[in-house]
Amino acid sequence: MMKTIIAAYSGVLRGTGSSILSALQDLSWLSKSKVEKQLQIISVLQWVLTFLVMGVACTVILMYILCTDCWVIAAVYLAWLVFDWNTPKKGGRRSQWVRNWAIWRYFRDYFPVRLVKTHNLLTNRNYIFGYHPHGIMGLGAFCNFSTEATGVGQKFPGIRPYLATLAGNFRMPILRDYLMSGGICPVNRDSIDYILSKNGSGNAIVIVVGGAAESLNCMPGKNSVTLKNRKGFVKLALRHGADLVPVYSFGENEVYKQVIFEEGSWGRWVQKKFQKHIGFAPCIFHGRGLFSSNTWGLLPYSKPITTVVGEPITIPKVDHPSQREIDFYHSMYVSSLVRLFDKYKTKFGLPETEVLDIN
């Protein structure tokens, strides 16, 4: 029985998801729906652990190997790491094989995650997608733009999405390679400049605009984005003539609950210090347990996440944009995002009276 289960799970990683249920058919005590649910849980759990501990764990393991008889393996990898250090800043090293793993389809179906296209995107243009809201882990952003589970390649043919995340993640051994395989890149100027100016056209940088500050305020039932003073992405768009595309994920804030510290409290002070000096803000959050949805744990709640990609805003190329130009296109972007939210909110379970808070 154990061999059968191992064979099934390895099938998920290889992308042979169609053979999984047949591999488990001799386990009569398992129904098809239960097997699928467990595979969904496994797929989400591996990503949550990747997000939380993979970088630190791989660093510790590599340091340990350096102290053993197998130190040569670690030394060779570290030498290659030095040689390969700037690859994340130059478009990374995406793998369509990894992006098409069957495990991501089980990840998608756990919530489920859905991608909604509202307009076509021209392949002779580059784009900056502003993704809102951040949520705790940006699960919708990852599933939609770093995998092919929701069909981003089919819905936007000729467009290569790059999800931008903290540059510090790309200093972690192994984790950096795993992230790059999905088309994830550092959210810094060098990386974005390269993709938008030296990588041809048809590129779409996905920036979670609210960042760590927005994650501190996310909670179920709340639709609020940190955007008023976030204008750097607009300046980048102007410098490269990249069109701005508002993206809103309904349900992103519903999958985790967290403790919200009030402004001026010691908890918020600690979070802001981490955010300022390290780049991320530690959140005290919880989801459901591994074996029961009625217990607390690290698994997100299985709530629907629907990501709507809005209409692109045509942006001119201005080498040295003025503050007035930045403010003008920023206000256009904010208005476009609000219209997108208002148009689709009732379709995805929100009341007509719901208002998007812009902070």
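With a 1.4 Å probe and every protein chain left in place, tell me how much accessible area M54 has, in Å² to the nearest 10. Solvent-accessible area, nearest 10 Å²: 40 Å². For the pair T87 and I65, the difference between a 0.36 nm per residue extended length and the Cα-Cα distance amounts to 5.5 nm.
For the range 99-225, just say rounded, prolate or oblate: build the C-alpha gyration tensor, square-root its eigenvalues into a ≥ b ≥ c, call rounded for a/c under 1.5, and beyond that prolate if a/b exceeds b/c, oblate if not.
Details: a/c = 1.27, a/b = 1.12, b/c = 1.13.
Rounded, because the longest to shortest axis ratio a/c is under 1.5.
Residues considered: L196, L166, L62. Largest GNM mean-square fluctuation over the chain, using C-alpha springs under 10 Å, is found at L62. Once the chain from T295 to R189 is taken as fully extended at 0.36 nm per residue, the excess over their C-alpha distance is 34.0 nm. The local environment of Q275, defined by Cβ-Cβ distances under 15 Å, has a net charge of +3 under the rule Lys, Arg +1 and Asp, Glu -1.
Computed with a 1.4 Å probe over protein heavy atoms only, the accessible area of K198 comes to about 140 Å². Among I42, I305, the order of accessible area from largest down is I42, I305, computed with a 1.4 Å probe on protein heavy atoms. Working from label points 7 Å from Cα in the Cα-to-Cβ sense, the T346 to S33 distance is 3.3 nm.
The stretch between T50 and T118 holds 21.3 nm of extra length on full extension. This uses 0.36 nm per residue minus the Cα-Cα distance. Here the chain carries DSSP beta bridges of which approximately 30% are antiparallel, counting only pairs with both residues inside.
Which of rounded, prolate or oblate describes the range 262-341 when judged by the alpha-carbon gyration tensor and an a/c cut-off of 1.5? Judged from the Cα gyration tensor, the range 262-341 comes out oblate (a/c at least 1.5, b/c at or above a/b).
Equivalent-ellipsoid semi-axes for the chain (Cα gyration tensor, √(5λ), whole Å, largest first): 32, 26, 22.
With the simple spin-label model, which puts each label point 7 Å out from Cα in the Cβ direction, the S265 to I174 separation comes to 3.6 nm. Separation of the alpha carbons by more than 21 angstrom is noted, of K303/K345; K155/K222; K273/K303; K198/K317; K37/K222, for K155/K222; K273/K303; K37/K222. Counting only protein heavy atoms and using a 1.4 Å probe, what share of the accessible area of the range 181-240 belongs to carbon plus sulfur, as a whole percent? The C+S portion of the solvent-accessible surface of the range 181-240 is 46 percent. Note that the range 318-359, at 37 °C in a medium of 0.692 mPa s, gets a Stokes-Einstein diffusion coefficient of 274 µm²/s from its Kirkwood radius over C-alpha pairs.
Could you compute the net charge surrounding I184? Neighbours are other residues with a C-beta less than 11 Å from the C-beta of I184; K and R count +1, D and E count -1.
Numbers: positive: R93, R94, R99, R176; negative: D177.
For residues surrounding I184, the net value is +3.
In loop segments of the range 249-331 as defined by DSSP, the GluC sites (Glu not before Pro) with at most 14 further C-beta atoms inside 10 Å of their C-beta are E262, E263.
So with the 1.4 Å probe, I'd like the accessible area per residue for the chain, rounded to whole Å².
On the way: 17550 Å² over 359 residues.
Accessible area per residue, the chain: 49 Å².
Residues W101, W85, W71, ordered by accessible area of protein heavy atoms at a 1.4 angstrom probe radius and largest first, appear as W71, W85, W101. Note on I284/N229: beta-carbon distance plugged into 1/(1 + (r/R0)^6) with R0 of 22 Å gives a FRET efficiency of 0.30. In this calculation the C-beta distance from S331 to K273 is compared with R0 = 25 Å, giving a FRET efficiency of 0.20. Among the protein heavy atoms, those of C283 account for about 30 Å² of accessible surface (1.4 Å probe, every chain in place). A cut-off under 15 angstrom between Cβ atoms defines the neighbours of L337, and their net charge, with Lys, Arg +1 and Asp, Glu -1, is -1. With every protein chain in place and a 1.4 angstrom probe, the accessible-area ranking of F348, F83, F51, largest first, reads F83, F51, F348.
The values are calculated or read from the model by the stated rules, or taken from the named source; none is laboratory data. What you see is a predicted model; the values in this text were computed from it and never measured. Quick reminder, even Gly has a Cβ in these numbers, built from the backbone with ideal geometry, and neighbours come from all protein chains shown. Areas reflect the complete protein model, heavy atoms only, side chains present, ligands, DNA and RNA absent. Shrake-Rupley method; radii C 1.70, N 1.55, O 1.52, S 1.80 Å.
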